[in-house]
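**Student:** Shown below is the structure under consideration.
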Amino acid sequence: MLRRPSFKAVMLAAIVVFCIGGGIAQNITADNSSQPNLEGIWRLSLGQAVLSMVLYQFEGQLFGSASSAEESWNGVVMGQINDSNIELAITFMKGGMLLGIKLIGSYADEEMRGTFYRADSMGNTASGEFDAILINPDTFGYTPVEEKHMEEAKETSEQTIPVQADTSNQSSDSGSRYIDVHSLAHLVPPAAGVIPPGISMGGAGGMGMMG
């Protein structure tokens, strides 16, 4: 015969579940709180160059956008953070070339510092020190720059398109490829059924010259 669990047993089981669940929740909270939050808009300095960068974060993964108002480009940012160590990669197009910037450094007190490495698809490279400061934790304040190279390329292409001169009114004497069809009228045979002057129809089906 089955016996119903006593009230004390039920309470003991509830306390055990509560303690275990509370411990798991504390561990999850501790894991999340140990990872710094880098979301926001950053001012990134690469030597003399200054960039704007917006970062979004999912656990230890970082992603977002970067832009240069001076060089007029927008790029993609991907990276990660592990404790206080960060790695970011910025990829963008400039002047028809593909460029990349790698940031390796550390994070502390809303600042990033470290070394950057820059390379392009033509084999040019550069490196130096970088630093970044969080200027706004609100990501909605980020605005991409207006890229000018597309407009410049369009204007250049419009300027280099040759303009064809209108030769429709030129006469054949000036070397035009157009010919006045009226000057060829003597080469056109008479139409069917029309008898030229000086030609008479002969007998049945015959044709002769008039005397």
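The values are calculated or read from the model by the stated rules, or taken from the named source; none is laboratory data. The model shown is predicted, which means the values in this text are computed figures rather than measured ones. Heads up, the Cβs are rebuilt from the backbone with ideal geometry, glycines too, and the neighbour counts pull from every protein chain shown.
**Student:** Can you tell me how many residues within segment 45-54 are farther than 11 Å from Val145 by Cα, outside any loop (DSSP other than H, G, I, E, B) and either free of Cβ contacts under 8 Å to residues at least 60 places away in the same chain or among the basic types (Lys, Arg) (or both)?
**Tutor:** 2
**Student:** Return the pair list, or none, for Cβ contacts closer than 9 Å from residues in segment 63-84 that are in contact (Cβ under 8 Å) with a residue 40 or more places away in the chain and within 12 Å of Ser52 (Cα to Cα) to residues that are of a type in the set (A, V, I, L, M) and in a loop (DSSP other than H, G, I, E, B), at least 6 apart or on different chains.
**Tutor:** Filtered contacts from segment 63-84: Ser67/Val145; Ser68/Val145; Ala69/Val145; Ser72/Val145; Trp73/Val145; Asn74/Val145.
**Student:** What are the residues in segment 117-139 that are more than 21 Å from Glu39 (Cβ to Cβ) and under 26 Å from the mean Cα position of the chain (by Cα), if any?
**Tutor:** Answer for segment 117-139, where residues must be more than 21 Å from Glu39 (Cβ to Cβ) and under 26 Å from the mean Cα position of the chain (by Cα): Tyr117, Arg118, Ala119, Asp120, Ser121, Met122, Gly123, Asn124, Thr125, Ala126, Ser127.
Let's see how each residue does on (1) among the charged types (D, E, K, R); (2) buried (at least 16 other Cβ atoms within 10 Å of the Cβ); (3) under 21 Å from Glu146 (Cα atoms); (4) at pLDDT 95 or above:
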| site | (1), (2), (3), (4) |
| --- | --- |
| Gln35 | no, no, no, no |
| Arg43 | yes, no, yes, yes |
| Leu62 | no, yes, no, yes |
| Glu70 | yes, no, yes, no |
| Asn74 | no, no, yes, yes |
| Ser84 | no, no, no, no |
| Phe92 | no, yes, yes, yes |
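**Student:** Name every residue in segment 111-145 that is polar (S, T, N, Q) and part of a loop (DSSP other than H, G, I, E, B), in order of residue number.
**Tutor:** Across segment 111-145, the qualifying residues are Ser121, Asn124, Thr143.
**Student:** I've got another one for you. Assess whether Leu38 counts as being of a type in the set (A, V, I, L, M) and in a strand (DSSP E or B).
**Tutor:** No; evaluated as a whole, the condition is false for this residue.
**Student:** Follow-up question, since we're still on this one. Of the residues that sit in segment 88-110 and are in contact with a His (Cβ under 9 Å, 6 or more places away or on another chain) and assigned to a strand (DSSP E or B), which one is nearest to Val54 (Cα to Cα)?
**Tutor:** My answer is Met93.
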